[in-house]
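Accompanying notes for the structure given below.
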Amino acid sequence: MMLENLKIMILDYFPKYKLKDSSAIPIMPDERIPFGPTFFLSFQHILAMFGGNILCPLLMGFSTNSALFFSGVGTLIFYIATGGKVPSYLGSSFAFIGVVNSATGYVYSPGAINQNISPAAGGIVVCGFIYLAIALIVMVAGHGWIEFLTPPVVTGSVIVSIGLHLANSAVGQAATTGFDAWMAALTVFIVVMVTCYAPGPLKRLPILIGGVVSYVVYLLFGLRGIGPGIDFSAVSDAKWIGLPQTHLPSFDSTYISMIAPVAVILAAENIGHLKAVGSMTEYSMDNLLGRTFLGDALACILAGFFGSTGTTTYAENIGVMSITKIFSTLSFVFAACIAIVLGCLPIFGAIVQTIPAGIFGGLSIVLFGITALTGAKLWINAQVDFSKPRNLLTAGISIVLGTGMIGVNVEWGKIKIDAIGVATFVSIILYQLLRENWATIFKNIIAKITGRGFKQPTDEETIENPQYSNLLEPLIENQGINSDYIEFNNNDNSNNDYKPFKDNDEEIIQN
């Protein structure tokens with residue numbers, strides 16, 4: 001009887017997928033198309049995440065096979081944690097590149113492996129546990145406090161800092177030799193042309209196409225004696241089938257202090273991606289945010305324990321959904337299984353390791369540039385008002401620190417914080433300190449202590465938000481920001497009949 005009840009609970013937890021024709025778009029998360037089209041759609045998701053999920057571990061000197069393998073495993077964990085209700089793919093997070101390379105001192109070269117993967121993996125594990133703690137708090141207390149600490153001006157500043165901080169590395173790779181510099185320029189040109197002028201779905205694969213075409217050109221030049229050529233000795237020694245390379249983590253306070261703060265960035269990324277998916281499906285998924293954090297955190301912890309890269313939800317796959325209008329979570333299960341299979345092909349990883357520095361630099365220039373401007377796009381979408389000193393100073397100071405601190409760390413004994421960590425903490429602290437209504441805040445505090453009521457002077461000094469106490473109302477003033485989060489939360493779904501998910505985090509906790 002107990003087993004039967006458990007079986008029923010499990011079946012009720014996951015979607016009962018309704019079969020729909022491929023042309024009957026949009027296909028919602030609890031619906032599916034026939035298995036044949038689902039399989040091909042999953043390949044499109046694999047191709048979409050491929051560029052980032054391959055380049056990210058290479059930039060840090062990690063195994064590409066393990067990154068692919070644990071991206072697949074992590075996606076399955078995410079599927080289970082969310083009950084198959086949130087369509088997302090988990091891949092290697094670019095937020096770890098700067099901090100890992102600062103901690104380990106790694107610089108990319110073809111075939112080179114980071115010699116400090118174990119302590120870096122320990123930092124990723126701790127980051128995952130911090131992320132897990134955030135997830136549990138959100139499941140119990142809600143997510144308003146995260147949006148309070150990381151409004152768009154803060155999140156955008158950190159993202160811009162990440163992209164610009166990594167720009168130095170990208171240019172250095174591109175300028176390895178004169179020939180590599182020309183190949184980097186060719187790579188950038190191909191990526192740009194594919195992005196702007198390629199037909200149909202090929203526009204979603206600029207990194208993959210640019211990398212492959214440039215690689216072939218580099219190879220042909222090498223065979224003709226032009227340029228350094230490509231060394232395939234590692235490929236000839238590689239096995240066809242085998243488990244990915246793993247490393248057990250070791251825990252060092254220096255590495256942990258530099259890598260662990262990335263948890264804040266992962267949470268902010270996850271919020272933005274969930275809001276985007278909710279906007280496309282025209283169904284708010286805010287009640288599932290705690291479980292998306294949970295799935296992402298568990299995936300990050302597991303990857304770190306085996307010496308792989310930390311994970312995050314991928315915007316590239318959200319882009320695929322925006323084009324196909326197919327949001328079925330089943331396609332991500334298929335994609336995860338394909339990624340796991342690719343991770344078990346060592347020869348594939350050996351081929352990837354032969355990518356020349358010039359091509360790698362060209363791809364990095366594009367990716368890091370897009371990363372930086374993604375932060376700026378967040379400001380635009382949120383209508384951040386930079387005429388306000390609070391926003392201007394928060395963004396300006398944090399970006400200069402995040403961009404300019406190349407090879408410079410803030411140290412207290414064994415604790416080190418690199419440029420990205422400094423930019424994150426400075427932007428959060430400055431935004432909270434540079435308030436224009438401290439007089440109102442102190443009067444409220446005094447009123448609370450003395451038990452006397454205090455009437456707010458004007459409506460402009462506070463915003464109404466029932467999830468905060470009166471004491472905190474002045475602390476969450478809008479300051480000229482029309483947040484994406486507020487915009488999504490205020491969407492009118494009165495005419496939307498799609499409501500398959502009635503459970504929420506509070507109900508999960510109670511049960």
I want to check the label-to-label distance for Ala198 and Lys16. Put each point 7 Å from Cα in the C-beta direction and report it in nm to one decimal. 4.1 nm
Once the cut-off is 21 Å, how many percent of the Cα-Cα pairs in the range 155-261 end up in the long-distance tail? 62 percent
Return the ratio Rg/(2.2 N^0.38 Å) for the range 289-441, where Rg is computed over Cα atoms only. 1.37
Percent accessible area from carbon and sulfur atoms, the range 51-108, protein chains only, probe 1.4 Å: 70 percent
Cβ neighbours within 10 Å, averaged per peptide: list 364-372, 186-194 in order, most packed at the top. 364-372, 186-194
Between Trp438 and Trp412, what is the spin-label point distance in nm, taking each point 7 Å from the Cα along the Cα→C-beta axis? 2.2 nm
Report, to one decimal in Å, the Kirkwood hydrodynamic radius for the chain based on all distinct Cα pairs. 24.0 Å
Helix axis angle, 95-104 relative to the chain longest principal axis, alpha carbon, degrees: 70 degrees
Volume in Å³ per residue [convex hull over Cα atoms, computed for the range 170-221]: 71 Å³
Would you please give the residues with an amide H less than 5 Å from that of Gly142, counting only those at least 5 places away or on a separate chain, with H modeled from the backbone geometry? none
Accessible area per residue, 1.4 Å probe, Å², for the chain: what's the number? 44 Å²
Degrees, to the nearest 10: 64-81 long Cα axis against longest axis of the chain: 30 degrees
For Glu31, other-chain or 5+-apart residues with amide H closer than 5 Å (H placed, Pro excluded) are Lys18, Thr329
If I compute solvent accessible area with a 1.4 Å probe over the protein chains, what percent of it on the range 151-241 is carbon and sulfur? 72 percent
Within the chain, longest stretch clear of exposed trypsin sites (Lys or Arg not before Pro) (DSSP loop, no more than 13 other Cβ within 10 Å): 17-223
Can you give me the angle between helix 389-404 and the longest principal axis of the chain, using Cα atoms only, in degrees from 0 to 90, rounded to the nearest 10? 30 degrees
Sum of -39500 (n - 2.57) over DSSP H runs of 4+, divided by residues of the chain (222 nm, nearest 500): -20000 deg cm²/dmol
Run a plain Debye calculation on the range 289-352 (Cα atoms as equal point scatterers, no solvent) and give log10 I(q)/I(0) at q = 0.24 Å⁻¹, rounded to two decimals, same order as the q list. -1.24
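The values are calculated or read from the model by the stated rules, or taken from the named source; none is laboratory data. Everything numeric here is computed off the predicted structure, so don't read it as measured data. In this analysis, Cβ positions are derived from the backbone assuming ideal geometry, glycine residues included, and neighbour counts consider all displayed protein chains. Surface areas here come from the heavy atoms of the whole protein model, side chains and all, with no ligands, DNA or RNA. Shrake-Rupley method; radii C 1.70, N 1.55, O 1.52, S 1.80 Å.
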